[in-house]
Amino acid sequence: MNGITFAEPLFLYLLLIVPATISFYVLKQHKASAAVSMPGLQPFAKTGYTFRNYLRHILFALRVTALSLLIIILARPQLTNKFQDVSTEGIDIVLTLDISGSMLARDFRPDRLEASKNVATEFVSGRPYDRIGLVVFSGESFTQCPLTTDHAVLINLMRDIQSGMIEDGTAIGMGLANAVNRIKDSEAKSKVIILLTDGVNNRGEIAPSTAAGIAKTYGVRVYTIGVGSQGMAPYPIQTPYGIQYQNMPVEIDEVILKEIAQTTGGRYFRATDNDKLIQVYAEIDKLEKSKIDVRQFSRKEEKYMLPALVVFCLIAIEMLVRNTLFKNLT
């Protein structure tokens, strides 16, 4: 950040002399130009002032400008260069998102999957110093984005997620194991997985409890989120007439999600609507804060040379003009 400051700002009050000097000069000129009637001068009545008479005010303008710059020089203008040295002990986070067909249920706006993507995007945008990755799972699991600080790329890849990208189902254990594999070799001071699902584990070769044990071994903390309203919710059902929505019971395996969180030192959250989901991510954001050290430096550079050079030139020009062009008028 750059800006002009003054080492001796009190001298700037002397600039009040400038308008006072101008006022005095104007009044003096007004009195000096008072008309005087004399007989016998009618032939010269239309003579008036020559252009050179009006140009004599240039001398005063040069003098006032030089005075103003001289006062500024006394105030010692300085250019202040400020810069920051930011060091951070970031946190590596892998977002693990359920994209099964049930995530299209309409108890969230517009549905569970889009609401989860939107809130996760805001979460990512608020953590500029952390490496964040994205794993998705349904009947299988894959890495949508490895750990990265290029959050623009991550957000674009998150927007591309759609239900139906992979075989349907809910392989919570596979999703968690994949996320652990992505973060286990991280050297960050804190390794975190945020696992979001709306169902019960029914696919995959790895049990959720086994994946939780692996996460604990590598020092990975897992926050689990169950998304879905209480009771019934409108789920999408494929019919001969296309997708129809039918109210069905919400089934979330909260027991296993709590077990995963407890095993790894994390926490379990339940989000029943959009606002609760926003609150969940806000709570996780508070729990996992990056350590950031900011050191600010500033360097000041004297900037009086340019105005001093201008003052010298103005004085030289005034003396030259006064003793040549306006020699007979002053």
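Checking each residue of the range 192-212 against the condition of being within 36 Å of the chain's Cα centre (by Cα), without any contact (Cβ under 8 Å) to a residue 24 or more places away in the chain and in the same structural domain as L147 (by TED's automatic domain parsing) gives no match. The single condition among (1) surrounded by 13 or more Cβ atoms within 10 Å (Cβ to Cβ); (2) in contact with a strand residue (DSSP E or B) (Cβ under 9 Å, 6 or more places away or on another chain) that N201 does not meet is (2).
Each row is one residue, and each column tells you yes or no for (1) among the aliphatic types (A, V, I, L, M); (2) under 17 Å from I194 (Cβ atoms).
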| position | (1), (2) |
| --- | --- |
| R63 | no, no |
| L74 | yes, no |
| V94 | yes, yes |
| G101 | no, no |
| Q144 | no, yes |
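Among the residues making up the range 177-191, those that are more than 29 Å from the chain's Cα centre (by Cα) and touching a residue at least 40 places away in the same chain (Cβ under 8 Å) are N178, V180.
If you filter the range 71-113 down to residues that are touching a Lys or Arg at 6+ places or on another chain (Cβ under 7 Å) and among the charged types (D, E, K, R), you find that the one that is modelled with the lowest pLDDT is D85. Go through the range 226-265 and give me each residue that's in a loop (DSSP other than H, G, I, E, B) and touching a residue at least 60 places away in the same chain (Cβ under 8 Å). Across the range 226-265, the qualifying residues are G228, S229, V250, D253.
Go through the range 1-50 and count every residue that is in a loop (DSSP other than H, G, I, E, B) and either at pLDDT 80 or above or touching a His at 6+ places or on another chain (Cβ under 6 Å) (or both). Matching residues across the range 1-50 total 2. Among the residues of the range 167-212, those that are at pLDDT 95 or above and part of a strand (DSSP E or B) comprise K191, V192, I193, I194, L195, L196, T197.
The values are calculated or read from the model by the stated rules, or taken from the named source; none is laboratory data. Just so it is clear, the structure is predicted and the values come from calculations on it, not from any experiment. Note that we place each Cβ from the backbone using ideal geometry, even for glycine, and neighbour counts take in every protein chain shown.
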